[in-house]
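For reference, the structure discussed in these notes is given below.
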Amino acid sequence: MIEEMVEKRDADVTIFFYNPNIHPRAEYELRKRENEKYAAKLGVPFIDADYDPDNWYKRARGMEFDPERGDRCTMCFDMRIERAALYAHEWGLDAIATTNSTSRWKDEVQVDDSGRRAAAKYPKLQYLDDDWKTDAMTSRKYVINADNSFYKQEYCGCSFSLRDNNYARAKEGLPSIKPASGDVYSDPLADSAEESPEVVDDFFRNAPAFAAEIRETYRGRRRSEQASQRENNW
C-alpha cells in the first residue's frame with residue numbers, strides 16, 4: 001500500500017504508528033522498528049504515537065473472548081484509526097488509510113467502516129477505501145516482505161489473539177508462539193500460500209465454535225493487573 005502511494009501515486013505519505021493493542025512490549029517494539037526502517041527506506045516521515053495498552057484494555061473489557069473479526073476487533077480498529085484521523089486533522093492532512101485493509105486475515109468491510117467513521121468526524125478528511133487486496137497488489141506485498149526480510153507476525157498482536165493462537169497450537173501439538181522471535185518472510189510464493197484465501201476461509205469457518213471453546217476453557221481467569229507491562233496470566 002505505502003509503496004503504491006509513494007511510487008505510483010506520488011502521494012505525500014506519513015506513516016502514523018499507533019498500536020496500543022500489541023502485546024507484549026517486545027513484540028510492539030520489533031514491529032515498530034520495522035516500520036521505522038521501511039519509512040526511512042522510502043523517505044517518508046514516521047510518527048511514533050504513544051503506547052498506551054492500559055487504555056486499550058479498558059476499552060476491551062467485556063470482549064476478552066470475542067472471536068477474530070468480532071466486536072473487539074471493531075473497537076480496536078476504531079481506537080487506532082480515530083487517533084490517526086485526529087493527527088491528520090491537526091496537521092492538515094487530507095486523507096487517511098490503514099494497512100489493516102491489505103491483510104487477508106482482516107475483514108475489509110469491518111476495517112473500512114471504522115475508517116469512514118473516523119474520517120467523518122473531521123471536515124474535508126477522506127478515508128481511502130480503495131481495494132488494496134487485488135491479486136497484483138497482494139503478490140507485490142509478499143515480494144516486498146521477502147525483499148526486506150520482514151518479521152513474520154504469527155498473531156494479530158493483542159494478548160487475546162496470542163492466547164487463542166497458542167491454545168490452538170497446543171491442540172495440534174505445535175510449540176507456542178514466542179513473541180518477537182519468529183521467522184521472517186523469505187519466499188513470496190510459499191509465504192502467500194501460508195495465508196491463502198482457502199486457509200483464511202477455513203480458519204473463520206471454525207471461528208464461532210472455537211471462540212465458544214475458548215470462553216469455556218478460560219472461564220474465571222482474568223488478565224493480571226500488570227499484564228500490559230509484564231506477561232498475562234491466561
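The values are calculated or read from the model by the stated rules, or taken from the named source; none is laboratory data. The model shown is predicted, which means the values in this text are computed figures rather than measured ones. With ideal geometry, Cβ positions are generated from the backbone for all residues, glycine too; neighbour counts draw on all protein chains shown. Only protein heavy atoms, including side chains, enter the accessible area calculation; ligands, DNA and RNA are left aside. Shrake-Rupley method; radii C 1.70, N 1.55, O 1.52, S 1.80 Å.
May I ask you to give the percent of accessible area on the chain that is carbon plus sulfur, with a probe radius of 1.4 Å?
Using a 1.4 Å probe with all protein chains present, the chain comes out at 47 percent carbon and sulfur.
If you average 1/r over all unlike Cα pairs in the range 33-140 and invert the result, what Kirkwood radius do you get in angstrom?
That comes to 15.3 Å for the range 33-140.
Quote the FRET efficiency, to the nearest 0.05, computed for PHE203 versus LYS37 with a Förster distance R0 of 25 Å and r equal to the Cβ-Cβ distance.
Once the sixth-power term is evaluated, E becomes 0.25.
Nearest 20 debye, what's the magnitude of the dipole of the chain about its Cα centre given +1 on Lys and Arg Cβ and -1 on Asp and Glu Cβ?
900
What percent of all Cα-Cα pairs in the chain falls into each 5 Å bin, going from 0 up to the bin containing the maximum distance?
The distribution over the chain is 1, 6, 12, 17, 21, 18, 13, 7, 3, 1, 0, given as percents.
Place a point 7 Å from Cα of ASN148 in the direction of its Cβ. Which residues in the range 43-70 have their backbone N less than 14 Å from it?
From the range 43-70, the list is 43-47.
Over the chain, with a Gaussian network built from C-alpha contacts below 10 Å, which listed residue (THR98, THR138, THR217) shows the highest mean-square fluctuation?
THR217
If R₀ is 41 angstrom, what is the calculated FRET efficiency for the pair SER196 and ARG61, using the beta carbon separation as r and rounding to 0.05?
0.75
Taking 0.36 nm per residue of sequence separation and subtracting the Cα-Cα distance, how much length would be gained by fully extending the chain between SER139 and TYR218, in nm to one decimal?
24.6 nm
Any idea how far apart ARG104 and PHE46 come out in nm if each label point goes 7 Å out from Cα toward Cβ?
2.7
Testing the spin-label approximation: label points 7 Å from Cα along Cα→Cβ at THR14 and ARG169. State their distance in nm.
About 3.7 nm separates the two model spin labels.
List nothing, just return the count: lysine pairs in the range 105-152, 8 or more apart or interchain, with Cα separation under 29 Å.
Close lysine pairs found across the range 105-152: 10.
Within the chain, which whole H helices from DSSP have a Cα span along their axis of at least 24 Å and a mean Kyte-Doolittle hydropathy of -0.5 or more, if any?
71-90
Using a Gaussian network model of the chain with C-alpha springs under 10 Å, which one of GLU198, GLU34, GLU68 is most mobile by mean-square fluctuation?
So, out of GLU198, GLU34, GLU68, the one fluctuating most is GLU198.
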